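Student: Starting off with a structure, shown below.
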Amino acid sequence: MLHLFLDTADIDEIRDAYSLIRLDGVTTNPSILAGAKNKYGSPVLELKVIYKFLEEHGGQLHIQPVASLYDEILKDAYYILEEVGENVWIKIPVTEDGLAAISRLSAEGIKVTAASVFTFTQGMLAYKAGADTVSVYCNRAEEKGIEYAHVIESLKNAFPDRVLLAASFRTTDQIERASFAGADSLTIKPKLLFQDLKTDLMRDTVANFQFSWESAFKSRNLRRE
């Protein structure tokens with residue numbers, strides 16, 4: 001079964017999405033947090049609200065440390081777990097320092113998502129370091145001429161029992177290709193996730209249904225008042 005996450009730090013977007021569909025959680029990164037509306041005074045307080053909501057409604061919360069050096073990544077990770085919640089998944093980009101941090105945190109039983117993966121080798125190293133999930137960044141890879149679908153397919157062939165999360169989408173076509181390539185999970189920004197519900201094609205189709213009914217029965221619903 002394909003798992004679906006929201007890529008956002010906006011609690012209103014999360015609440016709205018959960019009112020429409022069943023989701024598996026939320027992913028964030030420092031850029032998303034920096035651009036959030038900051039309704040509660042600080043990014044950490046925002047994350048606490050999101051974490052509490054997900055505890056009540058079901059779903060994982062993936063948070064990425066801001067630091068990029070090994071010791072500082074660990075400090076950020078422990079701070080996140082202490083201040084936000086002990087069941088947070090820690091997202092770590094697969095650099096050399098990141099790989100060392102993934103290995104350390106995984107050995108301690110902390111759930112880790114290996115982020116910013118663009119190549120098969122990065123993903124392989126992350127899995128071997130103990131990452132629970134590897135996240136392939138699709139649009140960013142495509143911008144650099146990397147066939148992200150091939151990376152996803154290769155990683156799933158090599159590690160069929162491990163979780164692969166596809167991220168960084170700009171189009172619904174990219175979403176479809178990532179799913180077809182074998183991604184277990186997708187994380188998508190709310191605006192892109194729901195954009196196909198608001199196309200001219202959908203509006204015209206629904207309007208035609210309404211027009212046909214009203215023309216025949218002079219009513220806008222089945223209960224002909």
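Student: For Cα pairs less than 8 Å apart in space and 6+ apart in sequence, what is the mean separation divided by the residue count of the chain, i.e. the relative contact order in percent?
Tutor: Relative contact order here is 16 percent.
Student: Would you give the gap between the C-alpha center of segment 167-225 and the C-alpha center of segment 75-96, rounded to a whole Å?
Tutor: With segment 167-225 and segment 75-96 each reduced to a Cα centre, they are spaced 36 Å.
Student: Tell me the carbon and sulfur percent of the accessible area for the chain, rounded to whole percent, probe radius 1.4 Å.
Tutor: 53 percent
Student: Another question about this same structure. Please give the charge dipole size of the chain, origin at the Cα centre, charges +1 on K and R Cβ atoms and -1 on D and E Cβ atoms. Round to the nearest 20 debye.
Tutor: With only Lys, Arg, Asp and Glu charged at Cβ, the dipole is about 660 debye.
Student: Which of Tyr137, Ser116, Gln210 sits closest to the plus end of the dipole of the chain, meaning its Cα is farthest towards the positive end, when Lys and Arg get +1 and Asp and Glu get -1 on the C-beta?
Tutor: The residue sitting most towards the positive pole is Gln210.
Student: Now a separate question. Test of understanding: given the chain, find the longest segment containing no chymotrypsin sites (Phe, Trp or Tyr not before Pro) that are in a DSSP loop and have at most 16 other Cβ atoms within 10 Å.
Tutor: 41-193
Student: Taking only protein heavy atoms into account and a 1.4 Å probe, give the accessible area per residue of the chain in Å².
Tutor: About 56 Å² of surface per residue is accessible.
Student: Between Ser185, Ser116, Ser212, where does the largest GNM mean-square fluctuation fall for the chain, given springs only between Cα atoms within less than 10 Å?
Tutor: Of the options given, Ser212 has the highest mean-square fluctuation.
Student: Given the chain reduced to its alpha-carbon atoms as identical point scatterers, what log10 I(q)/I(0) does the Debye formula return at q = 0.09, 0.15, 0.17 Å⁻¹?
Tutor: Normalising to I(0) and taking log10 leaves -0.42, -0.97, -1.20.
Student: Shifting gears a bit: How high is the FRET efficiency from Asp200 to Asp173, r the C-beta distance, R0 25 Å, rounded to 0.05?
Tutor: Computed FRET efficiency for Asp200 and Asp173 comes out at 0.90.
Student: Follow-up. Can you show me the helix-derived [θ] at 222 nm for the chain, built from DSSP H runs with n ≥ 4 at -39,500 (n - 2.57) apiece and divided by the number of residues, rounded to the nearest 500.
Tutor: -15500 deg cm²/dmol
Student: So between Leu192 and Glu56, what do we pick up on full extension, going 0.36 nm a residue minus the alpha carbon distance?
Tutor: Answer, rounded to one decimal: 46.4 nm.
The values are calculated or read from the model by the stated rules, or taken from the named source; none is laboratory data. Everything numeric here is computed off the predicted structure, so don't read it as measured data. Virtual Cβ from ideal backbone geometry, glycine too; neighbours counted across all protein chains shown. Side chains included, ligands, DNA and RNA excluded: accessible areas come from the protein's heavy atoms. Shrake-Rupley method; radii C 1.70, N 1.55, O 1.52, S 1.80 Å.
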